[in-house]
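One structure is given here, and the rest of the page talks about it.
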Amino acid sequence: MVLEIGLTGGIGSGKSTVADLLVERGAKLVDADAIVRELQAPGRPVYTAMVERWGPDVVADDDSLDRQAVADRVFGDPDELLALNAIVHPAVGDEMTRRREALADTDATVLLDIPLLVESGHGGFGGIVVVDVDPDLAVQRLVEHRGFTEKDARKRMARQAPREDRLARADFVIDNSGTFGDLVAEVDRCWAWIATLERPVPGTSVVRIASRTESP
């Protein structure tokens with residue numbers, strides 16, 4: 001029977017890299033942020049609703065969604081953030097449920113990559129894996145490798161659950177404070193732990209996840 005593992009971590013933690021490494025070891029990935037990007041492609045209903053809400057200023061020259069422009073609009077305005085969530089989150093939750101249901105009768109290990117898993121209060125997983133790194137190191141990596149300013153990186157961190165809250169929900173913690181080689185060893189240790197987990201009883205229904213993401 002399918003085993004679902006929740007994967008989360010603060011921005012800059014290296015969660016996406018961990019997801020890729022776990023997929024290399026055999027996991028199937030359902031990535032909330034990747035689904036957001038798919039649903040925000042030109043012509044999709046989510047894209048259309050966002051452009052209707054915020055106008056041409058959130059459309060890039062190639063007609064794709066200018067995600068930074070959306071972020072600039074919503075992250076400093078609670079009402080606009082609520083509007084964004086109302087457009088994006090139900091559609092993401094529906095798509096995640098569809099993809100999980102497609103795997104429900106398999107013996108796959110399904111990795112549900114949900115950035116705001118702790119903030120959303122999700123439960124019901126076979127286990128929750130948290131990728132952990134010191135916030136100052138996460139900021140440094142965001143500035144050096146993803147082009148963030150330090151101010152923007154810390155602002156985004158402040159909107160997420162505190163590090164301590166994520167660690168309190170973790171069944172397994174992956175430490176990503178070292179080298180890439182260190183991270184590979186941590187992922188191997190995690191994959192070995194996942195192999196020890198009990199799988200749900202056959203016939204267990206998929207519970208819909210009201211997904212939240214950190215991306216606009």
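A quick yes/no check of all residues on (1) surrounded by fewer than 20 Cβ atoms within 10 Å (Cβ to Cβ); (2) out of contact with any helix residue (DSSP H, G or I) (no Cβ under 9 Å at 6 or more places or on another chain):
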| residue | (1), (2) |
| --- | --- |
| LEU84 | no, no |
| PRO90 | yes, yes |
| ASP94 | yes, yes |
| ARG99 | yes, no |
| ALA104 | yes, yes |
| ASP107 | yes, yes |
| ASP113 | no, no |
| VAL118 | no, no |
| GLY124 | yes, yes |
- Item | Residue check for ARG99: in contact (Cβ under 8 Å) with a residue 24 or more places away in the chain and over 15 Å from TYR47 (Cβ atoms) | yes
Considering segment 152-200, residues that are of a type in the set (S, T, N, Q) and free of Cβ contacts under 8 Å to residues at least 12 places away in the same chain, and then whichever is surrounded by the most Cβ atoms within 10 Å (Cβ to Cβ), we arrive at THR179
Checking ALA158, ALA168, ALA153, ALA185 in turn, the sole residue that is among the small types (Gly, Ala, Ser), more than 17 Å from GLY10 (Cβ to Cβ) and out of contact with any strand residue (DSSP E or B) (no Cβ under 9 Å at 6 or more places or on another chain) turns out to be ALA185
### Query
PRO42: more than 15 Å from the chain's Cα centre (by Cα) and at pLDDT 95 or above, yes or no?
yes
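The values are calculated or read from the model by the stated rules, or taken from the named source; none is laboratory data. Only a predicted model underlies this, so the values are computations on that prediction, with no experimental measurement involved. Cβ coordinates were reconstructed from backbone atoms using ideal geometry, including for glycine residues, and neighbour counts include every protein chain displayed.
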